[in-house]
1. Quote to one decimal, in nm, the extra length available between Leu13 and Gln78 on full extension: 0.36 nm per residue of separation minus the C-alpha distance between them.
2. When the helix-only estimate is applied to the chain (DSSP H runs of n ≥ 4, each -39,500 (n - 2.57), divided by the residue count), what is the mean residue ellipticity at 222 nm, nearest 500 deg cm²/dmol?
3. Could you give me the ³J(HN,Hα) list for region 62-68, computed from phi with Karplus coefficients 6.51, -1.76, 1.60 and θ = phi - 60°, whole Hz, x at Gly and Pro?
4. So how strong a dipole does the chain carry about its Cα centre when Lys and Arg Cβ are +1 and Asp and Glu Cβ are -1, to the nearest 20 debye?
5. Can you work out ³J(HN,Hα) from phi for every residue in region 125-130, in order, using Karplus 6.51 cos²θ - 1.76 cosθ + 1.60 and θ = phi - 60°, giving whole Hz and x for Gly and Pro?
6. State the number of lysine pairs found in the chain whose Cα atoms come within less than 27 Å, restricting to pairs 8 or more positions apart or on distinct chains.
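Readers should treat all values here as calculations from the given coordinates under stated rules, not as data from a laboratory. What you are looking at is a predicted structure, and each value in this text was computed from that prediction instead of being measured. Here the Cβ positions follow ideal geometry from the backbone for every residue, glycine too, while neighbour counts run over all protein chains shown.
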Amino acid sequence: MNPIRIIPVDSALKTLIGLQLECLPGDDPEIPKAGSWWWLAVDEDGKAIGFAGMRPSERWQQTIYLCRAGVLPKYRGQGIQKRLIRARLAKARALGNTHAITDCTTENPASARSLIKAGFRPYWPQVPWGLPHSIYWIKKLQ
């Protein structure tokens, strides 16, 4: 049994920002806002070791955007990212969304592999929102 737990969070702003800075160095952290949902991955001692967030798409109806995610380097390769994706997709379905979208950079093949395993497929938006070297992903929710 995996002792890592995925838990929803409401008010762990300091923890979320700290994890974003540690997992995604050189990137500006996203400040959780009302109407977004966030999760922490915690180890058996209750230490936060990963995070993930999602919010409604600003462009499409009934579409959720997986906005941020990261796992501390020591804990990578254990399937935590996939579990964070599954938690977000379950919530997106429960909210009645029909699609999920996200993006990652070409320098992040581990995230791309996790998204592919979760059923995401690449797509090319008419108006890209990410970095010039972003890959965009979409999944139809059933």
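1. Values: separation 65, 0.36 × 65 = 23.40 nm, distance 2.49 nm.
Net length gain for the segment: 20.9 nm.
2. Details: 3 runs with 35 residues, N = 142.
That calculation yields -7500 deg cm²/dmol at 222 nm.
3. Listing the rounded values in order: 6, 10, 9, 10, 7, 8, 8 Hz.
4. Working: 20 positive and 11 negative charges, 129 e Å.
Approximately 620 debye in magnitude.
5. Each residue's phi maps through the Karplus curve to give x, 4, 10, x, 10, x Hz.
6. Step by step, the pairs that qualify in the chain add up to 25.
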